[in-house]
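Quick notes on the structure that follows.
The values are calculated or read from the model by the stated rules, or taken from the named source; none is laboratory data. The model shown is predicted, which means the values in this text are computed figures rather than measured ones. Cβ placement follows ideal geometry from the backbone for every residue including glycine, while neighbour counts extend to all protein chains displayed. Note: areas computed on protein heavy atoms with side chains; ligands, DNA, RNA excluded. Shrake-Rupley method; radii C 1.70, N 1.55, O 1.52, S 1.80 Å.
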Amino acid sequence: MSQDTQRTYFRAEFQSMGDVLGDGRLNKQEFTRLVSLLGLPDAATSAEVLWNKTAKQEGGKMRIEEYCDLMADPAVDSKTDMWRKLFAKFDTDGSGYASRQDVIEGLENIGIPVNDEMKAKIKAMDSDRDGRIYYGDFLKMQLLKK
């Protein structure tokens with residue numbers, strides 16, 4: 001995955017899953033929740049260590065570029081990249097978007113049968129109905145499903 005694609009995915013994580021308050025920054029609780037959802041092992045302790053590594057120039061909150069820089073560290077990326085790697089199989093151009101058809105074909109290629117229920121979930125991920133699925137919407141569907 002290219003660095004540009006990787007940063008596109010980091011931004012989507014920050015905006016769609018991390019910034020719960022919608023203020024363009026992450027507080028410590030939002031950051032801990034996000035890295036936990038992304039699968040960081042021992043999230044509470046690990047998030048504390050990572051949180052303390054950043055300068056947080058915005059009143060003790062993490063800006064999107066600080067998040068991207070932190071997540072780009074190979075030691076962090078390798079522990080939180082499961083969803084990025086999966087979505088990259090569908091995102092043929094690294095834009096952060098995949099067509100609904102690419103998602104269906106990608107799932108089938110990795111051995112996941114796509115029935116009508118699955119097609120309905122894929123359609124639901126296309127929040128703006130343009131035929132494409134945004135990585136952030138994909139994450140929401142996967143990580144916040146009930």
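Among the GluC sites (Glu not before Pro) within segment 20-103, which fall in a DSSP loop and have no more than 14 other Cβ atoms within 10 Å of their own Cβ?
Passing both the DSSP loop test and the Cβ count: no residue.
Give the accessible surface of segment 1-144 per residue, rounded to a whole number of Å², with probe radius 1.4 Å and ligands, DNA and RNA excluded. List each step's numbers first, then the result.
On the way: 7510 Å² over 144 residues.
Here the per-residue accessible area is 52 Å².
Can you work out the FRET efficiency for the pair ASN52 and LYS123, with r the C-beta to C-beta distance and R0 = 41 Å, to the nearest 0.05?
0.45
Kindly count the pairs of lysines across the chain whose alpha carbons are less than 18 Å apart, treating pairs on different chains or eight or more residues apart as eligible.
Lysine pair count for the chain: 19.
For the pair ASN115/LYS89, report the inter-label distance in nm, with labels modelled 7 Å from Cα in the Cβ direction.
2.0 nm
Just to be sure I understand the model, the point goes 7 Å from the Cα along the line to the Cβ. What's the resulting LEU143 to ASP4 distance in nm?
2.5 nm
With a 1.4 Å probe and every protein chain left in place, tell me how much accessible area MET125 has, in Å² to the nearest 10.
My reading of the accessible area for MET125 is about 10 Å².
Can you run the Rg to Rh ratio on the chain? Use alpha carbon positions and the Kirkwood inverse-distance Rh.
Rounded to two decimals, Rg over Rh is 0.98.
What does the helix-only formula give at 222 nm for the chain: each DSSP H stretch with n ≥ 4 adding -39500 (n - 2.57), the total divided by the residues, and the result rounded to the nearest 500 deg cm²/dmol?
Values: 9 runs with 83 residues, N = 146.
Calculated from helices alone, the mean residue ellipticity at 222 nm is -16000 deg cm²/dmol.
Classify segment 1-73: rounded, prolate or oblate, from the alpha-carbon gyration tensor (a ≥ b ≥ c, eigenvalue square roots; a/c under 1.5 rounded; otherwise prolate if a/b is larger than b/c)?
Rounded.
Over segment 9-78, what is the mean sequence separation of C-alpha contacts under 8 Å (at least six apart), divided by residue count, expressed as relative contact order in percent?
32 percent
Quantify, in whole percent, the carbon and sulfur part of the accessible surface of segment 54-125 (1.4 Å probe; protein heavy atoms only). Walk me through the numbers on the way to the answer.
Working: 1970 of 3940 Å².
Ligands and nucleic acids excluded, carbon and sulfur give 50 percent.
Around PHE14, under 10 Å between beta carbons, what's the net of Lys plus Arg minus Asp minus Glu among the other residues?
Combined, the nearby Lys, Arg, Asp and Glu give -2.
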